[in-house]
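None of the figures in this text is laboratory data; all of them are computed from the coordinates on show. In this text the structure is predicted, and so the values were computed from the model without any measurement. As a convention, Cβ positions derive from the backbone with ideal geometry for all residues, glycine included, and neighbour counts pool all protein chains shown.
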Amino acid sequence: MNHDKVRIYDLSKELDIDNKEVLEICAQLNIAAKSHSSTITEAQAKEIRAKAEQIHSNSKLSSSAVMVDEQNSEQANSKSKQQILAIHHRQYAKESPRDLSTTTPPVKPEISLAPPP
């Protein structure tokens, strides 16, 4: 097997990202790859690894900033939210349950067969 070629799906496993994301990076870098089974050179794989690392580090920073913003907004909202103290269920008028012992069961129709002539 030639070791200077790398399959897209092997690269996506290595980088722990979806095949589609690797293919999107290939498109951004003008690397010809049509599917997850396409092969690329080791040099192209290095470019993709670098780009994926860059994207991953940017998403980490932005996601941590979003988490801080969410925590701040949750704290602000919790101060203005009302607390639920009790839940009261509606009381319905009590109806007497249907007495099943007084109902008559369905009647089976009797079938009589006439003797053959």
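Let me check I've understood the local charge: for LEU29, count other residues with C-beta under 14 angstrom from its C-beta, Lys and Arg +1, Asp and Glu -1. What total comes out?
Details: positive: LYS46, ARG49, LYS51; negative: GLU21, GLU24, GLU47, GLU53.
Taking every Cβ under 14 Å from that of LEU29, the sum is -1.
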_Neighbourhood charge, 11 Å Cβ-Cβ cut-off, centred on ARG49 and excluding it, Lys, Arg +1 and Asp, Glu -1_ = -2
*asked:* Just to be sure I understand the model, the point goes 7 Å from the Cα along the line to the Cβ. What's the resulting LYS34 to ILE55 distance in nm?
replied: 2.2
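Determine the shape class of segment 1-51: with a ≥ b ≥ c the square roots of the Cα gyration tensor eigenvalues, call it rounded for a/c under 1.5, and otherwise prolate if a/b is greater than b/c, oblate otherwise.
Note, shape of segment 1-51 comes out rounded.
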